[in-house]
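The next block holds one structure in the form of structure tokens; read it before the comments.
The values are calculated or read from the model by the stated rules, or taken from the named source; none is laboratory data. Just so you know, these numbers come straight off a predicted model, no measurement behind them. Note: ideal-geometry Cβ built from the backbone for every residue, glycine included; neighbour counts use all protein chains shown. Surface accessibility is based on the protein's heavy atoms, side chains included, excluding ligands, DNA and RNA. Shrake-Rupley method; radii C 1.70, N 1.55, O 1.52, S 1.80 Å.
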Amino acid sequence: ARVNLDDAPQPQSSRDREVVELDDALNVLARLDPRKAKVIELRFFGGLSVKETAAVLNISPQSVIRDWKLSKSWLQREMKGP
């Protein structure tokens, strides 16, 4: 169904805005580095451990840890804006 953006519900709380900002930032990250975005999704939203994430992505646990750290820093910087 089509919805006019003027009629779409707007985030009401600062928490709602943070979730929208996080989603926007994750979408940008996914275009820049899909694997790093997938690591965030699996670990943060999926609750997977480092070993489980490594198995799903077929990469080493060290790569998961590195991607996790870099991605978290990148997301924090991206969400704070200029």
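Here are the numbers:
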item: Single match in Ser13, Ser73 (criterion: modelled with pLDDT of 90 or more and either of a type outside the set (Phe, Trp, Tyr) or open to solvent by 80 Å² or more (accessible area, probe 1.4 Å) (or both)); result: Ser73
item: Qualifying residue in the range 55-66 (condition: charged (D, E, K, R), modelled with pLDDT of 95 or more and out of contact with any helix residue (DSSP H, G or I) (no Cβ under 6 Å at 6 or more places or on another chain)); result: yes
item: Complete set of residues in the range 46-64 that are open to solvent by less than 70 Å² (accessible area, probe 1.4 Å) and of a type in the set (Val, Ile, Thr); result: Val50, Thr53, Ile59, Val64
item: In the range 24-57, residue farthest from Leu75 (Cα to Cα) [restricted to those that are touching a residue at least 24 places away in the same chain (Cβ under 8 Å) and among the hydrophobic types (A, V, I, L, M, F, W, C)]; result: Val39
